[in-house]
Ligand SMILES: Nc1ncnc2c1ncn2[C@@H]1O[C@H](COP(=O)(O)OP(=O)(O)OP(=O)(O)O)[C@@H](O)[C@H]1O
């Protein structure tokens, strides 16, 4: 495994001048974190806790008040460090009059791709984000979920080693969110490092192996997800087809053991989200054989972009 961290943030502080007060707003307060290559790190925190500011400093879009950020060993204030990064902003905006395919070609060219390689990457990305059928449609008619997916494709077009995703599923319905989460898992399997921020905890729990909790600009907790959420003094047993007699015996054994305390027995529950997705999948199968039905039923929404604006 590579020794150089994909991301190294050292004592990052970022203050903004406040137009109404003499004092400054300290958006990020002494944050340090390290993400090793291949990890999926989720930064979670409430609105205004400093997640986006941390990401922008890592991208070199904001200069730190104090501290420093490194991407694969390079200071993030150096332009070269961005060659390794793909970025999906919280509200990506695109030229509405371009089709999905033209949009990806545009970004691919900005990243230096040309000719056969560019065409191959565009085809591959369209396929990866399940937008091949919609590639000729104008972005202005894309739904929110489709916009997020084309944004993800844009972030991946140059095959970056680090992908930074700011609220990747914001405003996307559960089916669309699932597709985006599957893509993140796919990136992890391919060894891409992912740094994402979100306040949707369940989603973070599903895809991240490391988590940091940021609150009022301070990183209050971080570590391996498994370690953070484990309840050290409890053991979970899940049994299929157990008879009442077997369960009664199990309880009796536990009651006999020194210090052990029986806490709960019952049916494991699915999450509301899984239930929703399962129902959506079943109705989808009943009504429409096409695998892209989820895309076609999404209502087109207005892109948040102003005509002519383009994300940096
Ligand atoms: N350019 C700016 N000028 C002044 N204050 C800013 C600026 N950018 C962010 N802030 C302030 O810094 C703090 C952290 O903002 P930030 O956008 O990083 O939070 P966040 O955790 O990403 O929030 P959200 O979940 O709502 O996106 C907030 O108080 C915000 O108002």
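Applying 1/(1 + (r/R0)^6) with r as the Cβ-Cβ distance of residue 202 and residue 24 and R0 = 41 angstrom yields a FRET efficiency of 0.75.
Short-range pairs are left out: with C-alpha atoms under 8 Å and at least six residues apart, the relative contact order of the chain is 24 percent. Measuring nothing but how far apart in sequence close Cα pairs (under 8 Å, 6+ apart) lie, relative to its length, the range 1-78 scores a relative contact order of 40 percent. Listed from fewest to most Cβ neighbours within 10 Å, the set 183, 247, 43 follows the order 247, 183, 43. Compute the helix-to-body angle for 174-189: its Cα long axis versus the longest principal axis of the chain, expressed 0 to 90° and rounded to tens. Rounded to the nearest ten degrees, it is 90. In whole angstrom, the range 114-161 maps to an equivalent ellipsoid with semi-axes of 19, 12, 8, each derived as √(5λ) from the alpha carbon gyration tensor and ordered largest first. A crude spin-label estimate for the pair residue 98 and residue 66, with each label 7 Å from Cα along the Cβ direction, gives 4.1 nm.
Label-to-label distance, residue 234 versus residue 215, with points set 7 angstrom from Cα along the beta-carbon direction: 2.0 nm. Extending 7 Å from the Cα toward the beta-carbon at both residue 47 and residue 91 defines two label points whose distance is 1.2 nm. Taking the longest Cα principal axis of the chain as reference, the axis of helix 272-287 is set at about 70 degrees. Under Stokes-Einstein, with the Kirkwood radius over Cα pairs as Rh, the value for the range 30-106 at 20 °C and 1.002 mPa s is 147 µm²/s. Taking other Cβ atoms within 10 Å as a rough exposure proxy, 82, 245 sort from fewest to most as 245, 82.
Relative to its residue count, the chain spans a Cα convex hull of 191 Å³ per residue.
Put simply, the Cα atoms of the range 127-256 extend 67, 39, 27 Å along their principal axes, the longest span coming first. Note on the chain: antiparallel DSSP beta bridges, both residues inside, total approximately 55 percent of the bridges counted. Mean separation of Cα pairs under 8 Å and 6 or more residues apart, divided by the residue count, gives the range 86-209 a relative contact order of 32 percent. Computed extension length for residue 261-residue 190: 21.2 nm, one decimal, from 0.36 nm per residue of separation with the Cα-Cα distance subtracted. Diffusion coefficient (Stokes-Einstein, Kirkwood radius over C-alpha pairs, 10 °C, 1.306 mPa s) for the range 80-149: 125 µm²/s, rounded to a whole number.
With respect to the chain, whose longest principal axis is taken over its alpha-carbon atoms, helix 244-256 is tilted by about 80°.
Any read-out appearing in this document is the output of simple, stated calculations on the displayed coordinates, not a laboratory observation. Given the structure is predicted, the values throughout are model-derived calculations rather than measurements. So basically every Cβ, Gly included, is an ideal-geometry build from the backbone, and we count neighbours across all protein chains shown.
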